[in-house]
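To keep things clear, I will list the structure first and then write my remarks on it.
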Amino acid sequence: MPFGLTNAPATFQAAMTNEFRAMLDRFVLVYLDDILVYSRSLEDHLGHLRRVLETLRRAKYKANRDKCEFARQELEYLGHFVTLEGISPLSDKIQAVQEWPEPRNVTEVRSFLGLTGYYQRFIEGYSKIAAHLNKLQCEDRPFDFGEEARGSFLALKAALLSAEVLRIYDPLAPTRVTTDASGYGIGAVLEQHDGVDWHPVEYFIKKVPLVHSIDDARKKEFLAFVHALKRWRHFLLGRSQFRWVTDNNPLVFYKTQDTVNSTIARWRAFIDQFDFFPDHIPGKSNRFADALSRRPDHCTAVYSTFEIDDDLRNSFIRGYQADPEFRDKYGNCSSPNPSPSHYRIKEGYLLVHTRGKDLLCVPSDPHLRTRLLGEFHDAPATGHFGVNRTIGRLRQRFWWPGLLSDVTRYCESCEVCRRCKSRNHRPYGELRPLPVPLRRSEAIAMDITGPFPKHKTGVDGILTVVDRLTKFAMFLPCRYHAKAPELAEVLYAGWIRTKGYPKEIVCDRDTRFMSDFWLALIKRWGSSLKPSSARHPQTDGQTERAHQTAQVLLRTLIRPDEKDWVERLPDVELAYNSSIHPAIGISPS
């Protein structure tokens, strides 16, 4: 293969991988033309070498004798020094780091971080040590190699000089994964016990993505474990039970939480592939990060008036016995020695464990399933939402085969939905969305919709306010033609009094929002106004869509005389904020 082709390395690596596929990770490692053969004994090693050389001959590759080393107990491989005791960085690479001069520009910072980053698996807390150097790579700030950056630069040199020797992973040795998280990064260490003490196999550090930087401590700790399992999946998947060590005590009991948001549910489904048991240690004993603040997780709330009484319980039991889908499972779980499965019986109900939680199985009784669909679609608190949001509510508590098709059929046949809802489609053309805020209540969007039939209180419009990050919405009754000071009072009493002053307010070019009074008030609040483009309401699409949803919900709930629409606004707000929002995959509340 000629040199210089951009796809040559990948093509050659694919060819080598294909030739040695049967030997990879058993006694051979291959990176391009660097082949490492490892064995437990000299006799095994000779046999492995013979197989490797025969494979090279068959593929018409030639080994350069001058570059080969045989039967070595210590060697250099891909920038590492491999011995019986473990793996360590090459001494000449460490020397190069020690002699590295202070960076004078962004390019030199990137070169230094590129070299030290290659050995970050040897450095505990690498992302925290290198944090100030990483900030110098930002394009929106001038290069300033100050005291903080200089301290980070010297600390990285010292950390690499004192880097530990990492043990070679042993699939039979006791193993533990210790994780921790902070507002900036997540860290983990894979350790194994040699009969005397625990020794590190690899350190892992990762910067917390911005979308997760606003999460509470427990969610970030859980995220750290998920990333650690993805990093060491080849070590941990399929092995006997290992320990997961965390300083967040609630995570030890994560399987007992009944209601979780969709993100946590996906993470649970992933980690359930692994055989482990969680273990808690105090924060001061966890040496991988500082103690973190703890606060409750923001879980998806379940709003439903559905209650199961004794008569309904008997209907469930009779349904299990008559349903061919659940009859055998119910009988197996009822026996004195049930075979292992994801199903179990509690108080007569059949539960299935899926996506990290137990769901109630619903037998194929038309009365039961129709009643459930009605409770989760037609009730005032559920708001006649569409298929996706109705399924999202049901899957928090129930499961049965064909749930999707049943919900789709029920929603499409709903007379109220057909009468009150309009058809929607994705907007045409290329979308250019607004920047996503970093924190909740930091940026809001607002608009007025109406006029509606005049209420006895004098209001005939709705001021809709939407949190642009969480999609949480408030529908505040107001006078449709109210002046700017009156709208400011409505906004302050309804949103700002409970949520605080936002940094950004997106709105249309209504004369009241562009008035001198409103601009002065926004400046006094310390906020900035982001008006939409002229004659282009799609700029504030979040609020416009919330308007449409609120109007549809009102049409499904109000009386024929339409005089009770103000009394129905709390139901609309509850239904909107408690349902799964399609843009973020969880409920705004």
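At-a-glance table
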quantity	calculated
Relative contact order (%) - criterion: Cα under 8 Å, at least six apart; region: region 310-420	18 percent
Distance between modelled label sites at ALA96 and ARG58, nm, 7 Å Cα→Cβ extension	3.7 nm
Candidates per GluC sites (Glu not before Pro) in region 18-72, loop by DSSP, up to 14 other Cβ within 10 Å	GLU69
SER587, SER334, SER152 arranged by Cβ crowding within 10 Å, fewest neighbours leading	SER334, SER152, SER587
Estimated distance in nm for a label pair at ARG555 and LYS346, the labels positioned 7 Å out from Cα along Cα-to-Cβ	4.1 nm
Nonlocal amide H pairs with PHE81, under 5 Å, H built at 1.01 Å	SER88, LEU90
Karplus-derived HN-Hα couplings along region 564-572 (A = 6.51, B = -1.76, C = 1.60, θ = phi - 60°), whole Hz, x at Gly and Pro	9, 5, 5, 5, 8, 4, x, 5, 4
Whole-angstrom gap from region 36-71 to region 454-471, using each part's C-alpha centre	75 Å
Least to most buried among LEU351, LEU156, LEU529 (fewest other Cβ within 10 Å first)	LEU529, LEU351, LEU156
Cβ-based exposure ranking for ASP358, ASP66, in which fewest neighbours within 10 Å come first	ASP66, ASP358
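Bear in mind these aren't lab numbers, they're just calculated from the coordinates by the rules spelled out. What you see is a predicted model; the values in this text were computed from it and never measured. We place every Cβ from the backbone using ideal geometry, glycine too, and count neighbours over all the protein chains shown.
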